[in-house]
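Written below as structure tokens is the structure these notes are about.
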Amino acid sequence: MDLGLKGRKAIVCAASKGLGRACAMALAAEGVDLVITARTEATLEKTAREITDATGVHVTPVAGDITTDAGRAAALAACPSPDILVNNAGGPPPGDYHDWGREEWLAAVEANMLTPILLIKAVADGMIERKFGRIVNITSSAVKAPIGILGLSNGARAGLTGFVAGLARETVAHNVTINNLLPGPFDTDRLQQNIVAGAKRTGKDAEEIRKARMASNPARRFGRPEEFGAACAFLCASGSGFITGQNLLLDGGAFPGTL
Ligand code: NAP
């Protein structure tokens, strides 16, 4: 299926690994030229080469912390007029709300609410002028089904979700859509790190925890990053201009609700 994206330009944030990388790869497979970001330069450059080798598109790696003004400015300088923006950053650490003070909350809000909002603000007017824009925010299934130990994530991402719900209904008249992708358990470095941390905390075997978590999902497995990338590319398609303000859960059916 041709998504009608050939020759478009995208910024994909936090894209050297995991879900961001998968979104970048899926867009590149559709002929989208990319600016990708991450903090670790060597990994980012390797990913950029791999994407170019696999798809032939032009990929510009911009190393930096996307949660800082400097990191965002560098990404935007490399691609001032993107057609597509994929917002992503590392998630806040798990913990207990008794331990979270102002600093912890500000860091979570900065990374998972303000960073995507400021990037949207920087690109949306240009997209509206050019009559095409696709913005996808990577959030979390925890927005829909909050997880206690992920309170920082639940709170900060809910703020982004609320903001997007309003703006997405203003921009859509100009063929600029804004949607959120909500990952459940996807088999990335981050998921594996969480499993290993859980094993250390509980004294259980990491492989056992991994198997039990997979078995507890209706799909009996974790999501594959390329499945996440495919959903991102679909939301960015030229034919997806009537989908906006949505929260698409990709969790293998783990959320038990009808709607
Ligand atoms: P991952 O495999 O650890 O990859 C994270 C990527 O983001 C790496 O490329 C990392 O590179 C980059 N990154 C992290 N912080 C950054 C920053 N401040 N500035 C720029 N780049 C940054 O993680 P993932 O599993 O793909 O998760 C992506 C997002 O989805 C996270 O917010 C996570 O909380 C959320 N999520 C994931 C799952 C899951 O099951 N995987 C489930 C729910 C929600 P550097 O470290 O080099 O910067």
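The values are calculated or read from the model by the stated rules, or taken from the named source; none is laboratory data. Since the structure is predicted, the reported quantities are computational estimates derived from the model, not experimental observations. In this analysis, Cβ positions are derived from the backbone assuming ideal geometry, glycine residues included, and neighbour counts consider all displayed protein chains. With ligands, DNA and RNA removed, areas are computed over all heavy atoms of the protein, side chains included. Shrake-Rupley method; radii C 1.70, N 1.55, O 1.52, S 1.80 Å.
What number of residues within the range 180-214 are open to solvent by 80 Å² or more (accessible area, probe 1.4 Å), in contact (Cβ under 8 Å) with a residue 24 or more places away in the chain and not in a helix (DSSP H, G or I)?
Residues flagged as open to solvent by 80 Å² or more (accessible area, probe 1.4 Å), in contact (Cβ under 8 Å) with a residue 24 or more places away in the chain and not in a helix (DSSP H, G or I) within the range 180-214 amount to 0.
Report whether or not Phe242 is crowded, with 19+ Cβ neighbours inside 10 Å and among the aromatic types (Phe, Trp, Tyr).
When the stated conditions are applied, Phe242 does not pass them.
Can you pull out the residues in the range 64-87 that are within 12 Å of the ligand (Cβ to nearest atom), open to solvent by 30 Å² or more (accessible area, probe 1.4 Å) and in contact with a strand residue (DSSP E or B) (Cβ under 7 Å, 6 or more places away or on another chain)?
Correct list: Ala74 only.
Please go through (1) in a helix (DSSP H, G or I); (2) open to solvent by 10 Å² or more (accessible area, probe 1.4 Å); (3) of a type outside the set (Val, Ile, Thr); (4) more than 23 Å from Gly71 (Cβ to Cβ) for Ala142 and return the number of the only condition it doesn't satisfy.
(2)
Please go through the range 92-113 and pick out each residue that is free of Cβ contacts under 8 Å to residues at least 12 places away in the same chain and of a type in the set (A, V, I, L, M).
Leu106
Just to be sure, is Gly95 within 16 Å of the ligand (Cβ to nearest atom), more than 17 Å from the chain's Cα centre (by Cα) and not aliphatic (A, V, I, L, M)?
yes
Kindly indicate whether any position in the range 230-252 is touching a Pro at 6+ places or on another chain (Cβ under 7 Å), assigned to a helix (DSSP H, G or I) and at pLDDT 95 or above.
no
So which residues in the range 13-57 are near the ligand (Cβ under 9 Å from one of its atoms), part of a helix (DSSP H, G or I) and in contact with a helix residue (DSSP H, G or I) (Cβ under 7 Å, 6 or more places away or on another chain)?
Within the range 13-57, Gly18, Leu19, Arg21, Ala22, Thr47 qualify.
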